[in-house]
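The values are calculated or read from the model by the stated rules, or taken from the named source; none is laboratory data. Model, not experiment: these values are computed from the prediction. When we count neighbours, we look across all protein chains shown, and the Cβ atoms used for this are built from the backbone with ideal geometry, even at glycine.
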């Protein structure tokens, strides 16, 4: 499992997940529900990356500055698996 944390992290580089979706992830997740489904499906890997901290209660989850890379890595892996599945 790849960890995307940096040696010198700043809280200012983290944001609530819904802000990430509206600012950065909108081309991949057209709705908050689509992102929430992605998180449910890949929760362990997202948390393990060090770039996703789930919320508790009314607090939203937050994502780190390398979260884009984590999401893209998951999507690339799923795409490769889909191609391999159709070829076998």
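Before moving on, here are some points about what is shown:
- Within region 18-40, restricting attention to residues that are touching a residue at least 12 places away in the same chain (Cβ under 8 Å) and touching a strand residue (DSSP E or B) at 6+ places or on another chain (Cβ under 8 Å), the residue that is surrounded by the most Cβ atoms within 10 Å (Cβ to Cβ) is 20.
- Among the residues here, residue 15 qualifies as more than 25 Å from residue 79 (Cβ to Cβ) and modelled with pLDDT of 95 or more.
- Any chance residue 68 is within 13 Å of the chain's Cα centre (by Cα) and surrounded by 14 or more Cβ atoms within 10 Å (Cβ to Cβ): yes
- Restricting region 53-65 to residues that are surrounded by 10 or more Cβ atoms within 10 Å (Cβ to Cβ) and over 16 Å from residue 23 (Cβ atoms), the residue that is modelled with the lowest pLDDT: 59
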